[in-house]
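A short write-up of the structure that comes next.
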Amino acid sequence: MIKIGTRGSDLALWQARFLQSEIRKLGLDSTLSIIKTKGDKIQDLSFDKIEGKGFFTKEIEEALLNHTVDIAVHSMKDLPTEMPQGLVLAAVSYRANPADVLLVNEDKASQNDPLMLRPNATVGTSSSRRKALLIDIRPDLVIKDLRGNVPTRVAKLKSGEYDAIVLAKAGIERLELPLEGVVMRELYPREFVPAPAQGILAFQCREEDREMRKTLLKIHNAEIAECSNVERRVLKLLGGGCHLPLGVFCEKDVVGNYHVHAAYSPNVDEPLRKINISYSTTVGLAEAVFEKLKNNN
C-alpha cells in the first residue's frame with residue numbers, strides 16, 4: 001500500500017485524491033497521510049513574515065525522508081526550488097487555469113469599474129506578488145492580509161471583512177466552490193502574472209526509490225514540465241521563495257515557440273518591472289528573463 005503525504009486542507013486533499021486516482025489507473029492502491037505544516041499552524045502572519053522557505057512543504061518532505069510516506073503531493077507553486085538531499089521531483093500534473101481571480105463582494109461592487117472595485121476598496125491577500133500587482137494597477141487600493149484555506153477566505157469575503165479578495169482560479173474550480181453573492185473577475189495571466197508553476201501539482205519521492213520514480217514517470221506531463229521548469233528556474237535565479245514579489249508565466253504556442261511574461265519587484269512597495277520575451281527553445285530562456293528583470297529593461 002502506497003502512502004501519500006499531504007496537507008489537510010480541502011484543496012490539498014483534492015490534489016492528493018487526484019494522485020490516488022492517477023495511480024489507481026496503474027493498478028496501485030494508496031492511502032493518505034495528513035501532515036500539518038508550519039504554514040498551516042501559523043495563521044496570524046503573512047507569508048513574508050514567516051521565517052524560512054518551504055513552510056507548506058518541509059514537514060511533508062521530512063516524512064518522506066523518514067519513510068513515513070512514499071510520495072508527497074504539493075501545489076507546485078509552494079515547492080522550493082532547492083530539493084532536500086535524498087528527494088527528487090519525480091512528476092508534474094496537467095496545468096489547470098493558471099490565472100488569478102478577483103472575487104468581489106456583490107454588496108460592495110462598483111458598476112463603474114472594470115474590476116468592480118470602488119475607490120479605496122479593501123482587497124485581501126497575503127501574497128507579496130499579488131500585493132505588488134494590485135498596487136501597480138490601482139495604487140488607491142487598501143491591501144489587507146488574508147490567511148486561511150480557500151473556503152475560509154471566501155467566507156471572510158462574504159461576511160464583509162473585505163471588499164474583494166484574490167485567489168487562484170485553479171483552486172476555485174477544483175473545489176467547485178459556491179459563489180453566491182460574489183462577483184468573479186478573471187485576471188489575464190499575461191498581465192496579472194501568476195506565481196511560477198501556478199495550477200500545477202508536483203509529485204515528490206525519495207531519490208533511492210527507483211520503483212516509485214518509474215511509477216510516477218508514467219503520469220508525468222513532460223510538456224507542462226518544459227514551461228514550469230523555465231518559471232521555477234527564474235525564481236531560483238532570483239533567489240526567492242513564495243514570498244518574493246515575482247510572477248512568471250511561460251506558455252508554448254502551436255508552432256513550438258515559448259513566450260514568457262514576468263513581473264518582479266525587489267520589494268512590494270517598489271515599482272514593478274514587467275517584461276515579455278519569446279524564444280524558439282527553452283535553452284537560456286530563464287537566464288534571459290532573469291537578466292531583463294534584474295537590469296529593469
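The value given for the chain is a Kirkwood hydrodynamic radius of 19.8 Å, derived from the mean inverse Cα-Cα separation. Compactness of the range 138-297 is given as radius of gyration and Dmax, 18.1, 54 Å, from Cα positions. Cross-linked pairs Lys25/Lys218; Lys169/Lys292; Lys58/Lys236: Cα-Cα separations exceed 19 Å for Lys169/Lys292. Each Lys or Arg adds one and each Asp or Glu takes one away; over the other residues whose Cβ falls under 9 Å from the Cβ of Lys274, this sums to -1.
So what does log10 I(q)/I(0) come out to for the range 100-187 at q = 0.10, 0.11 Å⁻¹, using the Debye formula with one equal point on every Cα and no solvent? Per q value, in the given order, log10 I(q)/I(0) is -0.20, -0.25. Ellipticity at 222 nm from helices only: DSSP H runs of n ≥ 4 in the chain, each -39500 (n - 2.57), divided by the residue count, give -8500 deg cm²/dmol.
Measuring against 32 Å, Cα to Cα, the residue pairs Lys36/Lys274; Lys36/Lys214; Lys131/Lys252 contain Lys36/Lys274 as the ones spanning a longer distance.
The numbers here are math on the coordinates, done by the rules we state, and not lab data. This structure is a prediction, so every number in the text was calculated from the model and none was measured. Glycine also receives a Cβ, built like all others from the backbone with ideal geometry; neighbour counts cover every protein chain displayed.
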